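S.K.: After the structure tokens below, expect a handful of questions from me.
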Amino acid sequence: MSTAPDVIRSAYAQLVVTDLGAARWFWVDMLGLHVQHETPDALYLRGTDELTHHSLVLRTGPVAALDHLAYRVRTPEDVDRAERFFTELGRPVRRVPAGEGTYGVGDALRTVDPLGFTVEFFHDIARGERLIQRYDLHRGAQIARLDHFNVCTPDIPAAYEHYKSLGFGCSETIEGDEHELYAAWMFRKQTVHDVAFTGGAGPRLHHLGVATHESHQVLRTADIFGSLGKEHHIERGPGRHGVSNAFYVYLRDPDGHRVEVYTSDYYTGDPDHETYRWSVHDDRRRDFWGNAVIESWYKEASPVLDLDGHVQPISEAELDESAVQVGADGLGIIKPS
Ligand SMILES: O=S(=O)(O)c1ccc(O)c(O)c1
Ligand SMILES: [Ca+2]
Ligand SMILES: [Fe+2]
């Protein structure tokens, strides 16, 4: 296998939304993302700390879906490496020269990865002005930056192996009694994850994770939605995660796309960083206070598009974490299917 591209971080996602005005209300007015560029059918958004052009692109389309995920790579030559790497894997690849792809992004490689997701690797991207200390412009949830992608896939071990071959480390896992893999969190930047896998029918996008600096901003996000009688957008939390130790709240946008407002995970940058493994029977794994995970969080996710914009077919998962229950005696019981 040729050398993998040197991925720096999860960098942006492009979502298809069916109503750009409604999406603007949610992502700009409520979450506080900054509009770096806009056209009649697209918004290019970033958080207060982000110095590159955007970390989220919303474009109008008939079906709410993930258009593609994008990772930034260290050098322009890593875009060539990505092309060789995925070509050797036998995956469909498409080179997207500067000016022909996403506005603000330079030369890029797009592929459909082994999990069925359309993924872009790029280096060159336009800059945005520094807003880190423009507190006068920090609004709503005061989102600082994109933190991670969470994807639904039926084969978590295959997802783990693919991202391991791309040089990702593994910070945490959720495992069964025989160490079957229910979920995994993997990273290139030195925090808990750039990408994580939720077991389920896939390929589907489970959520985008966006980071705030402090937990009071997570609580304030929930309060703002409550104040406006829009609490139906709050799906899960606020709460404290077991995995990652982050404080979180999950929201659904007007199209049902899930976003997690997330803060205070931890450093993972040492070369001998060890994976922390949770039992699927430990009720603190997903919420450290043992709060139940609402069914929709396990079952609902956004469809994804292929390189030509067609919705990818999905395949069902073998393992169903939501079927695993911890009984009153603290032992795991599997609900009869
Ligand atoms: O619910 S989990 O504690 O497993 C969790 C941890 C980190 C995340 O980013 C997440 O979405 C979910
Ligand atoms: Ca609710
Ligand atoms: Fe997350």
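The values are calculated or read from the model by the stated rules, or taken from the named source; none is laboratory data. Quantities reported herein were computed from a predicted structural model and do not represent experimental measurements. Cβ atoms come from the backbone with ideal geometry, glycine included; neighbour counts cover every protein chain shown. Accessible surface is based on the protein model in full, side chains and every heavy atom, while ligands, DNA and RNA are left aside. Shrake-Rupley method; radii C 1.70, N 1.55, O 1.52, S 1.80 Å.
S.K.: Would you mind stating whether VAL79 is in contact (Cβ under 8 Å) with a residue 24 or more places away in the chain, in a helix (DSSP H, G or I) and open to solvent by less than 60 Å² (accessible area, probe 1.4 Å)?
M.R.: Judged against the criteria, VAL79 is a match.
S.K.: Restricting to the range 173-199, what's the tally of residues that are open to solvent by 10 Å² or more (accessible area, probe 1.4 Å) and either closer than 25 Å to ALA144 by Cα or within 16 Å of ligand 3 (Cβ to nearest atom) (or both)?
M.R.: 8
S.K.: Residues in the range 262-283: is at least one at pLDDT 95 or above, within 16 Å of ligand 2 (Cβ to nearest atom) and within 18 Å of the chain's Cα centre (by Cα)?
M.R.: Looking for residues that are at pLDDT 95 or above, within 16 Å of ligand 2 (Cβ to nearest atom) and within 18 Å of the chain's Cα centre (by Cα), one finds none in the range 262-283, hence no.
S.K.: Let me ask something else about it. When you go through SER171, SER244, SER215 one by one, which is the residue that is polar (S, T, N, Q) and either more than 16 Å from the chain's Cα centre (by Cα) or under 19 Å from ARG46 (Cα atoms) (or both)?
M.R.: SER215
S.K.: Name the pairs whose Cβ atoms lie under 7 Å apart, with the first residue in the range 213-239 and farther than 13 Å from THR263 by Cβ and β-branched (Val, Ile, Thr), the second within 15 Å of ligand 3 (Cβ to nearest atom) and part of a strand (DSSP E or B), and 6 or more positions between them or separate chains?
M.R.: ILE234/VAL249; ILE234/LEU251
S.K.: Then there's this: With the requirement that a residue be near ligand 1 (Cβ under 9 Å from one of its atoms) and either crowded, with 22+ Cβ neighbours inside 10 Å or on the phi > 0 side of the Ramachandran plot (or both), what does the range 247-292 give you?
M.R.: Across the range 247-292, the qualifying residues are TYR248, TYR250, GLU260, TYR262, ASP265, ARG285, ARG286.
S.K.: Which one of PHE121, PHE117, PHE149 is within 16 Å of ligand 1 (Cβ to nearest atom) and either open to solvent by less than 50 Å² (accessible area, probe 1.4 Å) or β-branched (Val, Ile, Thr) (or both)?
M.R.: None of the others qualify; the one that does is PHE149.
S.K.: Just one of (1) within 10 Å of ligand 1 (Cβ to nearest atom); (2) at pLDDT below 95 trips up GLU178, so point out which.
M.R.: (1)
S.K.: Can you confirm whether the range 59-70 contains a residue that is polar (S, T, N, Q) and outside any strand (DSSP E or B)?
M.R.: No, the range 59-70 contains no residue that is polar (S, T, N, Q) and outside any strand (DSSP E or B).
S.K.: Hey, among GLY90, GLY32, which residue is part of a loop (DSSP other than H, G, I, E, B) and within 16 Å of ASP147 (Cα to Cα)?
M.R.: Just one listed residue meets the conditions, GLY32.
S.K.: Of the conditions (1) more than 12 Å from ligand 3 (Cβ to nearest atom); (2) touching a strand residue (DSSP E or B) at 6+ places or on another chain (Cβ under 9 Å); (3) at pLDDT 95 or above, ILE294 fails just one. Which one is it?
M.R.: (3)
S.K.: Counting just the residues of the range 218-246 that are open to solvent by 20 Å² or more (accessible area, probe 1.4 Å) and more than 16 Å from ligand 2 (Cβ to nearest atom), which one comes out farthest from ILE174 (Cα to Cα)?
M.R.: For the range 218-246, the residue satisfying everything is ARG220.
S.K.: Here is a follow-up. Going by the structure shown, is ALA159 crowded, with 19+ Cβ neighbours inside 10 Å, in a loop (DSSP other than H, G, I, E, B) and modelled with pLDDT of 95 or more?
M.R.: Against the criterion (crowded, with 19+ Cβ neighbours inside 10 Å, in a loop (DSSP other than H, G, I, E, B) and modelled with pLDDT of 95 or more), ALA159 does not qualify.
S.K.: Enumerate the pairs (first residue in the range 301-321 and under 16 Å from THR111 (Cβ atoms); second residue anywhere and open to solvent by 40 Å² or more (accessible area, probe 1.4 Å) and of a type in the set (A, V, I, L, M)) with beta-carbon separation below 7 Å, excluding pairs fewer than 6 apart on the same chain, so at least 6 apart or on different chains.
M.R.: LEU305/VAL311
S.K.: While we're here: Could you go through the range 57-74 and let me know if any residue there is under 17 Å from GLU120 (Cα atoms) and of a type in the set (Phe, Trp, Tyr).
M.R.: Yes, the range 57-74 has at least one match.
S.K.: Another question, if that's okay. Out of the residues in the range 181-204 meeting the condition of being under 17 Å from PHE117 (Cα atoms) and in contact with a Lys or Arg (Cβ under 8 Å, 6 or more places away or on another chain), tell me which one is farthest from ligand 1 (Cβ to nearest atom).
M.R.: Here the residue is GLY200.
S.K.: Got at least one residue in the range 45-61 being in contact with an Asp or Glu (Cβ under 9 Å, 6 or more places away or on another chain), within 18 Å of TYR12 (Cα to Cα) and among the basic types (Lys, Arg)?
M.R.: Within the range 45-61, one or more residues are in contact with an Asp or Glu (Cβ under 9 Å, 6 or more places away or on another chain), within 18 Å of TYR12 (Cα to Cα) and among the basic types (Lys, Arg).
S.K.: Restricting attention to the range 23-72, which residues are among the hydrophobic types (A, V, I, L, M, F, W, C), open to solvent by 20 Å² or more (accessible area, probe 1.4 Å) and within 23 Å of GLN217 (Cβ to Cβ)?
M.R.: If the condition is that a residue be among the hydrophobic types (A, V, I, L, M, F, W, C), open to solvent by 20 Å² or more (accessible area, probe 1.4 Å) and within 23 Å of GLN217 (Cβ to Cβ), then TRP25, VAL35, LEU51 are the ones that fit.
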